[in-house]
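Below: one structure, written as structure tokens.
The values are calculated or read from the model by the stated rules, or taken from the named source; none is laboratory data. Not measured: the values here are computed from a predicted model. Here the Cβ positions follow ideal geometry from the backbone for every residue, glycine too, while neighbour counts run over all protein chains shown. The area values use the complete protein model at the heavy-atom level, side chains included, leaving out ligands, DNA and RNA. Shrake-Rupley method; radii C 1.70, N 1.55, O 1.52, S 1.80 Å.
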Amino acid sequence: MKQTILITGASRGIGRAIAKRFMTTDYNLVLTCHTNIMLLEELKEEAKEKGVECLIFQGDIGNLDNVKMLFSQIAATFDGVDLLVNNAGMSSIQLINDMTFEDWNTIVQTNLSSTFYCSKLAAESMLKKHAGKIINISSVWGVVGASMEVAYSTTKGGINAMTKALAKELAPSNVQVNAIACGAIDTDMNRCFSEEDMQYLIDEIPANRLGAPEDVADFVYQLSTANSYLTGQVIQFDGGWI
């Protein structure tokens with residue numbers, strides 16, 4: 001029986017690259033997005049052409065009811081989730097004095113609560129099978145913090161701590177939990193910066209380039225096939241930047 005991978009936030013950027021990477025493997029795909037359902041439809045059609053079964057879901061997975069609905073659909077279609085990639089996320093660059101309480105709650109729910117909700121519900125089937133992997137897409141700002149990104153840094157730091165704690169809890173059941181703390185990746189999240197600012201950033205990175213979404217996707221695949229003794233790690237993936 002094929003295994004099933006759930007990738008949250010799969011319509012663009014890193015999530016989309018991960019979805020495309022796993023179309024070449026022996027997995028069923030479950031892909032989610034908040035608003036861009038047409039982009040998921042494109043991925044579903046591409047998967048169909050490759051002979052890969054793909055379930056798509058549109059909804060805010062920072063909302064528990066939506067996550068419950070998602071996992072209900074997964075249970076009706078596949079035999080639970082074998083590999084979970086918690087990728088859905090958003091950033092907000094602003095001073096704390098300018099941030100509203102609504103801004104804070106939205107970022108916490110989108111980045112951190114969604115990771116907890118999906119991990120909790122995915123773990124149910126993983127524990128029954130005594131096997132599974134959870135890979136959290138995090139950020140170096142969750143390790144060192146970023147000025148004007150207090151909410152984003154906080155949520156990513158929470159994901160890093162969750163990764164370490166949950167790995168210890170699930171290791172006796174042969175379920176591995178790891179996080180990739182991404183550096184500067186060439187996605188829409190960084191389109192707010194000017195060309196000059198981006199060049200200044202690249203000059204700071206020893207690898208002398210931004211990471212590509214496909215770089216992250218390849219690393220996710222590597223972790224999905226890694227030895228089961230690798231768990232509880234927050235791995236910085238930043239070209240030597242931080």
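What's the number of the only condition in (1) out of contact with any helix residue (DSSP H, G or I) (no Cβ under 8 Å at 6 or more places or on another chain); (2) part of a helix (DSSP H, G or I); (3) modelled with pLDDT under 95 that Lys168 fails to meet?
It is condition (3) that Lys168 fails.
Which count do you get for residues in the stretch 171-188 that are assigned to a helix (DSSP H, G or I) and in contact with a helix residue (DSSP H, G or I) (Cβ under 7 Å, 6 or more places away or on another chain)?
Taking the stretch 171-188 as the starting set, the residues that turn out to be assigned to a helix (DSSP H, G or I) are 171-173, 188.
Filter again for in contact with a helix residue (DSSP H, G or I) (Cβ under 7 Å, 6 or more places away or on another chain), leaving 173, 188.
Qualifying residue count for the region: 2.
For (1) under 16 Å from the mean Cα position of the chain (by Cα); (2) among the β-branched types (Val, Ile, Thr), each residue gets a yes or a no:
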residue	(1), (2)
Ser138	yes, no
Gly145	no, no
Glu204	no, no
Phe237	yes, no
Ile242	no, yes
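Here is a yes/no grid of residues against (1) in a loop (DSSP other than H, G, I, E, B); (2) over 22 Å from Ile185 (Cβ atoms); (3) touching a residue at least 60 places away in the same chain (Cβ under 8 Å); (4) among the aromatic types (Phe, Trp, Tyr):
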| residue | (1), (2), (3), (4) |
| --- | --- |
| Glu45 | no, yes, no, no |
| Val81 | yes, yes, yes, no |
| Asn105 | no, yes, no, no |
| Phe116 | no, yes, no, yes |
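For the stretch 1-27, which positions are surrounded by fewer than 18 Cβ atoms within 10 Å (Cβ to Cβ) and of a type in the set (S, T, N, Q)?
Thr24, Thr25
Take the conditions of a type in the set (Val, Ile, Thr) and either surrounded by fewer than 21 Cβ atoms within 10 Å (Cβ to Cβ) or in a helix (DSSP H, G or I) (or both) and apply them to Val30. Does it pass?
No; evaluated as a whole, the condition is false for this residue.
Looking at Tyr229, Tyr221 in this structure, which one is closer than 30 Å to Asp79 by Cβ and touching a Lys or Arg at 6+ places or on another chain (Cβ under 7 Å)?
Just a single option satisfies the conditions, and that option is Tyr221.
Does Ser138 meet the test of being within 19 Å of Thr35 (Cβ to Cβ), among the hydroxyl-bearing types (Ser, Thr, Tyr) and not in a helix (DSSP H, G or I)?
no
With respect to the numbered conditions (1) in contact with a helix residue (DSSP H, G or I) (Cβ under 8 Å, 6 or more places away or on another chain); (2) buried (at least 21 other Cβ atoms within 10 Å of the Cβ); (3) touching a residue at least 60 places away in the same chain (Cβ under 8 Å), which one is the sole condition not fulfilled by Val143?
(2)
Between Asn105, Asn86, Asn97, which is of a type outside the set (A, V, I, L, M, F, W, C) and closer than 24 Å to Phe22 by Cβ? Outline the logic, then answer.
Working: Asn105 fails: closer than 24 Å to Phe22 by Cβ; Asn97 fails: closer than 24 Å to Phe22 by Cβ.
Checking each option against the conditions leaves just Asn86.
Under 7 Å between Cβ atoms, at least 6 apart or on separate chains: pull out the pairs that start in the stretch 25-40 with a residue that is closer than 20 Å to Val220 by Cα and end on any residue that is in a loop (DSSP other than H, G, I, E, B) and among the aromatic types (Phe, Trp, Tyr).
Asn28/Phe78
Hey, does the stretch 12-24 have a residue that's assigned to a loop (DSSP other than H, G, I, E, B) and over 12 Å from the mean Cα position of the chain (by Cα)?
yes
Scanning the stretch 42-99 for residues that are open to solvent by 80 Å² or more (accessible area, probe 1.4 Å) and among the acidic types (Asp, Glu), which turns out farthest from Gln222 (Cα to Cα)?
Filtering the stretch 42-99 for residues that are open to solvent by 80 Å² or more (accessible area, probe 1.4 Å) and among the acidic types (Asp, Glu), the one farthest from Gln222 (Cα to Cα) comes out as Asp98.
Give the residues of the stretch 189-240 that are part of a loop (DSSP other than H, G, I, E, B), in contact with a Gly (Cβ under 9 Å, 6 or more places away or on another chain) and crowded, with 17+ Cβ neighbours inside 10 Å, sorted by residue number.
Ile205, Leu210, Asp238, Gly239, listed by residue number.
Please find, within the stretch 118-135, the residue that is nearest to the chain's Cα centre (by Cα) out of those that are of a type in the set (Gly, Ala, Ser) and either surrounded by fewer than 21 Cβ atoms within 10 Å (Cβ to Cβ) or part of a helix (DSSP H, G or I) (or both).
Ser119
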